[in-house]
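K.L.:
My questions all concern the structure below.
The values are calculated or read from the model by the stated rules, or taken from the named source; none is laboratory data. Owing to the predicted nature of the structure, the values given are computational and were not obtained by experimental measurement. Don't worry about glycine lacking a Cβ; one is built from the backbone with ideal geometry, like all the others, and counts go over all protein chains shown. Just so you know, the surface numbers come from the protein's heavy atoms only, side chains and all, with ligands and any DNA or RNA stripped out. Shrake-Rupley method; radii C 1.70, N 1.55, O 1.52, S 1.80 Å.
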Amino acid sequence: MEIFVINSGSSSIKYQLFSQDSSSPLCSGLVERIGQPDALITHKYRQHDEEKVLYIQQQVPDHEAGMQVVGELLTRDGIAVIRDSGQVGAVGHRVVHGGEKLTGTTVITPGVKDKIKALYPLAPLHNPGHIKGIEVSEKIFPQAVQIAVFDTAFHTSLPEKAFRYAIPDSFYKNHGIRVYGFHGISHQYVSGEAMKYLNHTDAKLITIHLGNGCSMAAVNGGKSVDTSMGLTPLDGLIMGTRSGCIDASVLLYLAERENYSTEQLTTLLNKQSGMQGLTGHNDMRDISALYNNGNARAELAYEMYAYRIKKFIGAYAAAMNGLDAIVFTAGVGENDALARDLVCRNMDFLGIKLDNEKNSEKGNGIRDLSAPASRARILVVPTNEELEIARQCRQLLGETTGR
Ligand SMILES: Nc1ncnc2c1ncn2[C@@H]1O[C@H](COP(=O)(O)OP(=O)(O)O)[C@@H](O)[C@H]1O
Ligand SMILES: CC(=O)OP(=O)(O)O
Ligand SMILES: [Mg+2]
């Protein structure tokens with residue numbers, strides 16, 4: 001039985017098709033720059049034991065259109081990796097917000113979908129896309145069990161002092177207003193891989209997920225004890241289009257003095273801020289090209305981006321009373337040597353010393369970028385949210401079918 005995994009992020013859809021018990025996929029791919037004029041689909045598949053790649057440039061206006069193309073590619077004449085959609089026994093979906101009610105991997109029922117929909121206001125860039133993905137997937141794979149794996153689940157181990165906001169208790173008790181934290185599937189996967197790599201199950205790790213959305217987690221002995229996103233995936237680090245931490249009074253000021261509506265504020269902070277607001281671009285590849293040409297806005301934006309991360313590293317080393325390794329992951333963390341360099345500069349008091357040569361080399365798999373004098377290790381661990389989702393789906397199916 002095949003497991004198909006769909007990871008829809010704010011700007012992309014990633015997917016992988018796994019056969020039972022295997023961690024290497026039959027095919028995998030990425031639909032990126034969704035909603036922009038130059039969307040790109042990269043589809044990797046195996047044919048006669050050879051790895052092949054197909055690039056398709058076409059309009060992908062939204063996540064639903066993206067899912068439709070992906071579904072069709074699996075059985076397309078000449079490149080099919082399965083005979084028909086009936087071969088897929090389970091579809092695992094990444095769902096960003098599970099709230100307080102959906103705290104673990106679960107089979108998707110109409111009731112689960114309603115709970116995911118009820119959380120739209122708390123994950124406006126993500127949960128609507130997930131529901132579309134689930135609904136398209138139900139049509140493409142009608143026989144498959146649809147399973148949701150939540151980004152919030154890994155952070156349910158946060159202690160109350162880390163997940164509460166200092167506002168009256170009733171807001172937590174009556175409205176569930178608290179820190180949930182996100183990117184949990186990725187933080188769980190990369191922290192697990194880092195612990196195996198370091199051969200240290202009690203390691204004090206800071207995982208730094210830098211994609212279009214960015215977040216950090218303090219992971220002590222495999223458990224998330226603090227994380228930078230909050231009630232929604234807006235808080236914390238500076239991101240592609242999101243502001244991260246901001247004094248709440250800025251919103252009050254704009255609402256009172258400039259008559260901003262809640263909808264305008266939501267758009268401002270989620271879609272027009274972060275690197276987009278600072279430079280006019282949200283893709284770090286474009287911003288690093290500007291930086292390398294001496295563009296002053298790009299320089300400031302990179303400095304601010306890295307400075308925010310540095311502050312969280314200091315905070316989390318304090319929260320855990322120690323630090324064994326920092327772990328960079330996701331699109332920017334894995335590929336952007338400049339971002340890693342700026343983050344690690346002048347951090348030797350915490351035992352962080354980057355080897356600049358290793359940092360600028362490209363490579364696959366887990367990489368250790370620490371200089372010999374670095375007390376804390378500096379790792380790049382490529383995330384694989386899809387494999388983590390497949391593992392969690394297998395575990396759930398094993399539990400429910402007794403296999
Ligand atoms: N080679 C690269 N150098 C710098 N940044 C990169 C590179 N490749 C990808 N990125 C960045 O990674 C981001 C996407 O990361 P990803 O983890 O795929 O995001 P998401 O899951 O949030 O859609 C892009 O916005 C881009 O800025
Ligand atoms: C939670 C979140 O921001 O996800 P992504 O980075 O995939 O947009
Ligand atoms: Mg992502």
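K.L.:
How large is the accessible surface of Ile167 in square angstrom, using a 1.4 angstrom probe and rounding to the nearest 10?
P.N.:
Approximately 80 Å² of Ile167 is accessible to the 1.4 Å probe.
K.L.:
With θ taken as phi - 60° and the coefficients 6.51, -1.76 and 1.60, list the Karplus ³J(HN,Hα) couplings across region 258-273 in order, rounded to whole Hz; mark glycine and proline as x.
P.N.:
10, 6, 5, 7, 4, 5, 5, 5, 4, 5, 4, 7, 8, 10, 10, 10
K.L.:
Taking the DSSP beta bridges in region 200-385 as the whole, what percent of them are antiparallel, to the nearest 5? Mind showing how you got there, number by number?
P.N.:
Working: 14 of 23 bridges.
Percentage antiparallel, nearest 5: 60.
K.L.:
Tell me, what HN-Hα J-couplings in whole Hz come from the Karplus equation 6.51 cos²θ - 1.76 cosθ + 1.60 at θ = phi - 60° for each residue of region 359-368, using x for Gly and Pro?
P.N.:
Running phi through 6.51 cos²θ - 1.76 cosθ + 1.60 with θ = phi - 60° gives 5, 8, 6, 8, x, 10, x, 6, 10, 9 Hz.
K.L.:
Net charge around Ser360, counting only other residues with Cβ within less than 13 Å of its Cβ (Lys, Arg = +1; Asp, Glu = -1)? Before the final figure, lay out each step's value.
P.N.:
On the way: positive: Arg340, Lys358, Lys362, Arg367; negative: Asp336, Asp341, Asp355, Glu357, Glu361.
Around Ser360, the charge tally is -1.
K.L.:
Between Asp202 and Ser157, what FRET efficiency follows from the Cβ-Cβ distance if R0 is 25 Å, with the result rounded to 0.05?
P.N.:
On the way: r = 15 Å, r/R0 = 0.59.
The value I calculate is 0.95.
K.L.:
Applying the Karplus parametrisation 6.51 cos²θ - 1.76 cosθ + 1.60 with θ = phi - 60° to the phi angles of region 71-80, what ³J(HN,Hα) value in whole Hz is obtained for each residue in order, glycine and proline being reported as x?
P.N.:
For region 71-80, the Karplus curve yields x, 6, 4, 4, 10, 5, 3, x, 10, 4 Hz.
K.L.:
Now for a different question. For Lys310, what accessible area in Å² do you get when you roll a 1.4 Å probe over the heavy atoms of the protein chains, rounding to the nearest 10?
P.N.:
Here the residue's solvent-accessible area equals roughly 40 Å².
K.L.:
Please list the non-local residues whose amide H lies under 5 Å from the amide H of Ser8, H modeled 1.01 Å from N, same-chain partners needing a gap of 5 or more.
P.N.:
Placed amide hydrogens put Lys14, Arg94 under 5 Å from Ser8.
K.L.:
Taking the Cβ of Val250 as the center, what net charge do the other residues with Cβ under 15 Å away carry, scoring Lys and Arg +1 and Asp and Glu -1?
P.N.:
-2
K.L.:
Efficiency by 1/(1 + (r/R0)^6): what FRET value for Leu54 and Lys362, r their Cβ-Cβ distance, R0 = 25 Å, to the nearest 0.05?
P.N.:
Details: r = 23 Å, r/R0 = 0.91.
Between Leu54 and Lys362 the formula returns 0.65.
K.L.:
Residue separation times 0.36 nm, minus the C-alpha to C-alpha distance between Arg285 and Asp84: what's the value? Numbers along the way, then the final one.
P.N.:
Working: separation 201, 0.36 × 201 = 72.36 nm, distance 3.77 nm.
Length gained, Arg285 through Asp84: 68.6 nm.
K.L.:
What's the ranking of 334-341, 94-101 by average number of surrounding C-beta atoms within 10 Å, highest first? Don't skip to the answer; put the middle values down first.
P.N.:
Numbers: 334-341: 19.6, 94-101: 22.6.
With the highest mean Cβ count within 10 Å placed first, the list reads 94-101, 334-341.
K.L.:
With all protein chains present, calculate the accessible area of Asp114 using a 1.4 Å probe and round the result to the nearest 10 Å².
P.N.:
About 90 Å², rounded to the nearest 10.
K.L.:
Note down the net charge around Glu193, summing +1 for each Lys or Arg and -1 for each Asp or Glu among other residues with Cβ under 15 Å from its Cβ. Spell out each step's value before the answer.
P.N.:
Working: positive: Lys196, Arg367, Arg377, Arg391; negative: Asp324, Glu334, Asp368, Glu385, Glu386, Glu388.
Residues close to Glu193 contribute a combined charge of -2.
K.L.:
I'd like the carbon and sulfur percentage of the solvent accessible area for the chain, probe radius 1.4 Å, heavy atoms only, ligands and nucleic acids excluded. Spell out each step's value before the answer.
P.N.:
Numbers: 8850 of 18240 Å².
The nonpolar share, carbon plus sulfur, comes to 49 percent.
K.L.:
If you stretched the chain out fully between Phe171 and Arg375, how much longer would it get, using 0.36 nm times the residue separation minus the C-alpha to C-alpha distance?
P.N.:
Values: separation 204, 0.36 × 204 = 73.44 nm, distance 4.22 nm.
Computed gain between Phe171 and Arg375 is 69.2 nm.
K.L.:
Hey, another quick one. Might you tell me the accessible area per residue for region 200-385, computed with a 1.4 Å probe and given in Å²? Working shown, then result.
P.N.:
Numbers: 8450 Å² over 186 residues.
Heavy-atom SASA per residue in region 200-385 reads 45 Å².
K.L.:
Also, quick follow-up: Protein chains only, probe 1.4 Å: how do Ile140, Ile238 rank by accessible area, largest first? Mind showing how you got there, number by number?
P.N.:
Values: Ile140 40, Ile238 10 Å².
Solvent-accessible surface, decreasing: Ile140, Ile238.
K.L.:
Turning to a different aspect of this structure: Between Cys245 and residues 5 or more places away or on another chain, which pairs have amide H atoms under 5 Å apart, with H built 1.01 Å from N, and which residues are they?
P.N.:
Gly236, Leu237
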